[in-house]
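Novice: Before anything else, here's the structure in question.
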Amino acid sequence: MELFLKTIPLYPKDFYVRLHLVMKRVMEGKKGHRLGMIILPVAFVVVFSLSFLVGRYPVSPFTALKILFSKVLSFFSMGKLALSGWTSAEEAVVINIRFPRIAAASLIGAALSVAGASYQGIFRNPMVSPDLLGASTGAGFGAALAILLGGGYFMITLSSFTFGLVAVLLAVLVARKSRIDSTLSLVLAGVMISSLFSSGTSLVKLMADTQDQLPAITYWLMGSLASVKMKDFVFAFFPIVLGLIPILLLRWRINLLTLNEDEAKSMGIEVKKLRLIIIFSSTLMTAGAVAISGMIGWVGLVIPHFSRLIFGDDYSFTLPSSALLGATFLLLVDDIARIISTAEIPLGILTSFVGAPVFLFLIIRGGRRNEN
């Protein structure tokens, strides 16, 4: 390493030392994290499978497995092969009710976790969450406005998704007009836009009918998957996947954004373009998730911390593991919401009960580690 530093005097030695540490961390991570990357997918598959057995209508594990396997066979063989031995009610429960909900919980949990981890990486701030730039509050305003105007479920979803994107677009446009630091101006613009849409939601709630519209708006803002159908899952699937793919492909570059911006540029990284791609992709995922589930907090803030506790700060591992952890976590929370009472508790309440104490523990644990 010393010989390397002496023979390439183009940049300060500190730069090469930090680059060496980043590359060393990446290489060591590939050896040390294999077990974790095996356990997480297995845990997700187990929770995903067991979730089909959770609900008020009892369906045996073998029956649920036969129904799902039959659908897979009929899909690939164009209906030539099929199994039997269950009632139409059991098939409706597994395919039309539980599958869309379980698939949506997995997709939304992964999307919010990856978006949160991405934001925390590019802004170099562990307190950042997916709603930093106003995507969630914009989506909440769009849904509340659609409910006020008497729109149907599809109109509520579409309005929520549209205003979520509009909120972030406004934050980016305001930040581009600012003369202060680009990162700081983007965060401040996001906070102001978020506050603006939050005030708009409050105004809509004030104008809403107290018998029907206001309860519907309040319940939507708490977050729930109780009404999710297959068409809702499909609606959210495409924007979430379109946002997820570029982030996973560029995940190793986020490691370089944790360095000083000048150092990242010296390595050939177009920082502004990369940050814009990550922000757009994360916003697309957040808006797609919030549009069908409502506002589910804490997932995008807490789960990336768990991922870093297990895999460290290498985003080559942090982002995939955040997706798996987030999907598994939201599946478990949704399962609890389905069985804890006859009237389902909104997911936003349950994630707050779990997320807040865990985050306090992480803060205390981190403080003690720094003292040592």
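Novice: Hey, MET155 hits all of (1) within 24 Å of GLY326 (Cα to Cα); (2) open to solvent by 60 Å² or more (accessible area, probe 1.4 Å); (3) in contact with a helix residue (DSSP H, G or I) (Cβ under 7 Å, 6 or more places away or on another chain) but one; which does it fall short on?
Specialist: The number of the failed condition is (1).
Novice: Of all residues in the stretch 160-179, which are open to solvent by 50 Å² or more (accessible area, probe 1.4 Å) and in contact with a Leu (Cβ under 8 Å, 6 or more places away or on another chain)?
Specialist: Across the stretch 160-179, the qualifying residues are PHE163, LEU165.
Novice: Starting from the stretch 312-326, take each residue that is more than 17 Å from ALA43 (Cβ to Cβ) and in a helix (DSSP H, G or I) and list its partners that are basic (Lys, Arg) and at pLDDT below 85, counting only C-beta distances under 9 angstrom and pairs at least six apart or across chains.
Specialist: Partner pairs satisfying both residue conditions: TYR315/ARG253; SER316/LYS30.
Novice: Let me ask something additional. Pull up the stretch 285-340, narrow it to residues that are closer than 18 Å to MET222 by Cβ and aromatic (Phe, Trp, Tyr), then point me to the one that is most open to solvent (accessible area, probe 1.4 Å).
Specialist: Residue satisfying both the conditions and the ranking: TRP298.
Novice: For the stretch 241-273, which residues satisfy the criterion of being open to solvent by 10 Å² or more (accessible area, probe 1.4 Å) and within 19 Å of the chain's Cα centre (by Cα)?
Specialist: Within the stretch 241-273, VAL241, LEU242, LEU244, ILE245, PRO246, LEU248, LEU249, LEU250, ARG251, TRP252 meet the criteria.
Novice: Out of (1) modelled with pLDDT of 90 or more; (2) open to solvent by less than 40 Å² (accessible area, probe 1.4 Å), what's the single condition that is false for ILE122?
Specialist: Of (1) modelled with pLDDT of 90 or more; (2) open to solvent by less than 40 Å² (accessible area, probe 1.4 Å), only one is false for ILE122: (1).
Novice: Considering only the stretch 178-292, give the helices (runs of 4 or more DSSP H) lying wholly within it that have at least 2 residues that are among the small types (Gly, Ala, Ser).
Specialist: 182-207, 230-249, 261-266
Novice: A follow-up question, please. Provide a single number: the residues in the stretch 131-152 that are at negative phi and open to solvent by 10 Å² or more (accessible area, probe 1.4 Å).
Specialist: Residues in the stretch 131-152 being at negative phi and open to solvent by 10 Å² or more (accessible area, probe 1.4 Å): 11 in total.
The values are calculated or read from the model by the stated rules, or taken from the named source; none is laboratory data. Note that the structure is a prediction, hence the values are computed from the model and not measured. Cβ atoms come from the backbone with ideal geometry, glycine included; neighbour counts cover every protein chain shown. These area figures cover heavy atoms from the full protein model, side chains too; ligands, DNA and RNA do not enter into them. Shrake-Rupley method; radii C 1.70, N 1.55, O 1.52, S 1.80 Å.
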